[in-house]
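Comments concern the structure below.
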Amino acid sequence: MQIQATGLILHCRAGFESEVAAEVLARCEEHGFLGVVHSQPDTAIVRFALHDAVPWQSLLAITPFADWIFARERHAWIGSIADLPTQDRAGVIAQDLAVRGLRCGRVICEFADTNAAKEVSGFLRRFTPHLEKALSRVGVLTPSETAPTLHLFFDTSAACEIGLSAPGDASPWPMGVPRLRMPRGAPSRSTLKLAEAFYALMSEKERDKSLRAGLRAVDLGAAPGGWTLQFAQRGVHVTAVDNGPLSAEVLATGMVEHRRADGFTWRPPKPVDWMVCDMVEQPARVAVLMADWLVKGNCRRTIFNLKLPMKKRFKEIAHCRELIDKRLREQGLRYTLRMKHLYHDREEITAYLTLI
Ligand SMILES: C[S@@+](CC[C@H](N)C(=O)[O-])C[C@H]1O[C@@H](n2cnc3c(N)ncnc32)[C@H](O)[C@@H]1O
């Protein structure tokens, strides 16, 4: 049975609903999927309702998950179940999904990342094991690496929305929320941003190849040293460029050389494997600098932050992407560029740019 999608459900940081709305409309309209966005400020959820239903795989295929910027997670929206009884909710959901002919390899029960949804999250922690059993009993859930993932989104414990994503085409973490531990000796929470970026923006193969002991990195705008520490703890030597002080614990790793210099003009004497940049500056200025490092052969890959303007953020990011594209293509360089509003990002996004 071909399962139809009636739209998309997208998770984001509360306060960024209008960025997701701009993104989903731009992406869907470009592919001729017309519809309307339903979103309320600070709900951390955006719904896109199609005018005409389409096979769920074709809707997700317009943009692989890795290419979404403001959506932390997204899935095809295939229906809703309302008025769940307080007794045997799991049985009712399982029956409903069985009648729809749904088969999945994994189920994720989701809620919005807001304070208001804390109660639902507590309910789901207790409810999910019962639901998994009920879904297995009716043959909807059969553990598999290749079958779709079922997303059940709960606004309250009395109703849920049903979604699907393809394995490998979703966030590595439920609802796009990573649970990362602060590394010992970390001088700032921003260390988690780079840790998340390594997982959210790079494949396992890319990580294995480029996060190895003995490599060299430059960190522009490094102080107090949270990003530098991520490399140092992986055995990567770092030149940390910043006029501000680095934390004593970061320096004590023995892997770090501190340069008091301007990150916009300083360049390494020899090419390095990595450059990362967390300087607070105009996003277009940072984008041009990143492309220039690659063009001049100063590094092969970079992770950087683009601080967001107050308005038209999706448009500003598209502009930064164009600046990078123009510069690299003029030089005949082929590249991969991935951008995401990470869980640990606030008024910025994080990007990974590498030559291929
Ligand atoms: C957000 S903080 C970096 C935090 C760092 N990534 C961490 O994890 O600890 C931004 C840093 O950029 C530095 N910065 C801003 N403009 C700079 C420039 N032109 N050259 C060098 N550093 C700069 C600031 O001194 C500040 O320490």
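The values are calculated or read from the model by the stated rules, or taken from the named source; none is laboratory data. Bear in mind the structure is a predicted one, so any value in this text is a computation, not a measurement. Note that we place each Cβ from the backbone using ideal geometry, even for glycine, and neighbour counts take in every protein chain shown. Quick note on the areas: whole protein, heavy atoms, side chains included, nothing else; ligands and nucleic acids left out. Shrake-Rupley method; radii C 1.70, N 1.55, O 1.52, S 1.80 Å.
Would you call THR302 within 14 Å of the ligand (Cβ to nearest atom), more than 30 Å from ASP42 (Cβ to Cβ) and open to solvent by less than 20 Å² (accessible area, probe 1.4 Å)? Before the answer, list the steps.
Details: within 14 Å of the ligand (Cβ to nearest atom): yes; more than 30 Å from ASP42 (Cβ to Cβ): yes; open to solvent by less than 20 Å² (accessible area, probe 1.4 Å): yes.
Taking the combined requirement at face value, the residue satisfies it.
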All-but-one check, GLU257 against (1) within 23 Å of the chain's Cα centre (by Cα); (2) charged (D, E, K, R); (3) in a strand (DSSP E or B), failing number (1)
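Please work out which residue is nearest to ASP292 (Cα to Cα), limiting yourself to the range 260-272 and to residues that are of a type in the set (A, V, I, L, M, F, W, C) and within 29 Å of the chain's Cα centre (by Cα).
PHE264
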Of the conditions (1) within 16 Å of the ligand (Cβ to nearest atom); (2) outside any helix (DSSP H, G or I); (3) open to solvent by 40 Å² or more (accessible area, probe 1.4 Å), the single one that LYS311 does not satisfy is (1)
Of MET290, MET255, the only residue that is at pLDDT 95 or above, under 22 Å from ASP325 (Cβ atoms) and not β-branched (Val, Ile, Thr) is MET290
- Query: If you check ASP208 against the conditions, is it in contact (Cβ under 8 Å) with a residue 60 or more places away in the chain and either more than 14 Å from the ligand (Cβ to nearest atom) or not acidic (Asp, Glu) (or both)?
  - Reply: no
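Just to be sure before I move on: is GLU206 within 27 Å of ALA287 (Cβ to Cβ) and in the same structural domain as ALA195 (by TED's automatic domain parsing) in the structure I sent? Show your work before the answer.
Details: within 27 Å of ALA287 (Cβ to Cβ): yes; in the same structural domain as ALA195 (by TED's automatic domain parsing): yes.
Yes, satisfied.
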In the set GLY226, GLY168, the lone residue that is under 21 Å from the mean Cα position of the chain (by Cα), of a type outside the set (D, E, K, R) and at positive phi is GLY168
Cβ pairs under 7 Å, 6+ apart or interchain, first in the range 241-257 and farther than 17 Å from SER190 by Cα, second of a type in the set (D, E, K, R) and within 9 Å of the ligand (Cβ to nearest atom), ordered by first then second residue, are ASN243/ARG260
Within the range 216-240, residues being open to solvent by 20 Å² or more (accessible area, probe 1.4 Å), part of a loop (DSSP other than H, G, I, E, B), touching a residue at least 24 places away in the same chain (Cβ under 8 Å) and more than 12 Å from the ligand (Cβ to nearest atom) number 1
